[in-house]
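Take a look at the structure below.
Read the figures in this text as sums done on the coordinates, not as results from a lab. Predicted model only: the values in this text are computed from it and were never measured. Here the Cβ is made from the backbone with ideal geometry for all residues, glycine too, and neighbour counts use every protein chain on show.
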Amino acid sequence: MSDDLYEVELQGSPRESPDWVRPGSAPWFERGLGGKKIHPSALRPDRQTLVAPPAGDVNAYRALWGEVRREVGFLVTRMTNLLRENTYLRYGGQYRSGYLHTSKLYKQRLGNFRLFERPTAAERSMAFQLLVDESASMQGGDKVRLAIKAAILIGETLDQMGLPLEILGFTTAEYEAKAAMRLGLRPAHAYRTTRCSPLEHRIYKRFDEPYPIVRRRLTGIEPRHNNWDEEHLLFAFRRLQARRERSQVMIVISDGQPNGDAEHLIATAAALEAQGCRVLGVGIGADFVRQVYRQALVVDDFRKLAEELLVMLAAELGRAGGPASGVRPADRAAA
């Protein structure tokens with residue numbers, strides 16, 4: 001009956017739910033959890049995982065464009081100069097005049113006088129696919145804003161260079177913990193290697209859509225639910241396989257925190273690389289991407305992102321018809 005305050009001590013040991021159970025909490029990068037399962041109710045064909053992207057905000061895009069304009073200009077200028085340089089220096093073909101290919105001189109004795117090469121335009125048949133993580137772990141701080149700015153940087157650059165590009169966001173239809181409990185799988189954290197929610201993919205730009213018309217959609221990128229990156233990568237890879245371009249590059253913007261066992265994502269990225277698809281990781285707020293992708297960078301300072309992207313994209317252009325495909329070092333020095 002007194003108004004005095006008293007101190008009390010908690011009896012017994014406190015019981016807290018794991019972070020994974022709470023909707024919106026970020027799953028940690030976990031390895032060695034074992035096999036993965038998919039609940040039958042969560043299975044969907046690819047076409048049923050597509051969700052209409054938000055219309056976006058033109059004014060919001062203009063504000064973001066003002067923040068990335070300088071980096072886009074730098075990246076486009078350097079990449080364009082690189083393309084021109086490589087095109088000028090490339091040699092190929094079999095001609096009776098031109099640049100003498102000395103390693104073929106022996107063929108003269110066999111009656112073959114086509115020992116010369118001539119400058120030829122570099123054939124670059126490339127298609128890019130940009131994947132943006134829209135999981136709940138992307139909330140907090142400036143993760144989403146950095147992801148959108150990185151997407152705008154890549155989108156504007158590749159569009160100005162005339163390279164085919166598709167941009168999609170990936171997540172699930174609801175929180176995995178909530179879906180597991182709804183299905184009677186309790187305790188939910190014991191089923192964290194089981195996907196219980198359908199996948200969702202929002203295509204912010206299709207290959208056949210002009211980037212200037214749809215770019216405002218990128219402002220609608222936001223944290224949603226969970227992510228099973230290995231399945232999202234396979235979804236994107238199947239879409240890339242429908243393209244005719246000889247070289248295919250997939251760029252993944254993520255904080256590198258997938259649901260379930262990260263070993264599945266690591267194995268999937270390696271399998272796609274083995275099939276000829278280059279997979280590049282861009283980490284936002286964490287460096288987990290370096291454990292997943294063979295080529296990865298982490299966005300610590302957006303002002304340096306363009307320089308780091310230049311190195312990665314230049315290497316891919318080189319594989320598709322740049323220095324690694326026929327540019328002679330001696331010719332470069334002479335030029």
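Net charge in the neighbourhood of G281 (other residues with Cβ under 9 Å of its Cβ; Lys, Arg +1, Asp, Glu -1) is +2.
Model label points for R69 and K36, set 7 angstrom from Cα along the Cα-to-Cβ axis, are 4.2 nm apart.
The loop-placed trypsin sites (Lys or Arg not before Pro) in region 254-319, going by DSSP, that have at most 13 neighbouring Cβ atoms within 10 Å of their Cβ come out as R294.
When the Cα gyration tensor is reduced to axis lengths a ≥ b ≥ c, the ratio a/c is 1.5 or higher for region 227-304, and with a/b not above b/c it is classed as oblate. Taking 24 Å as the limit for the C-alpha separation, the pairs K143/K304; K149/K304; K37/K143; K37/K205; K37/K178; K149/K205 exceed it in the case of K37/K143; K37/K205.
What trypsin sites (Lys or Arg not before Pro) does region 131-239 have in DSSP loop regions with at most 10 other beta carbons within 10 Å? List each step's numbers first, then the result.
On the way: sites: K143, R145, K149, K178, R182, R192, R195, R202, K205, R206, R215, R216, R217, R224, R238, R239; in loops: R192, R206, R224.
Those that pass, being in a loop and sparsely packed, number zero.
Between R303 and E222, the simple label model (points 7 Å from Cα in the Cβ direction) yields a spacing of 3.1 nm.
Of the residues G35, G66, P53, the one whose Cα sits farthest towards the positive end of the charge dipole of region 27-78 is G35 (charges of +1 on Lys and Arg Cβ, -1 on Asp and Glu Cβ, taken about the Cα centre). Neighbours of E71, meaning other residues whose beta-carbon lies under 12 angstrom from its beta-carbon, give a summed charge of +1 when Lys and Arg score +1 and Asp and Glu score -1. Expressed to the nearest 5 percent, the antiparallel share of DSSP beta bridges inside region 112-248 is 45 percent.
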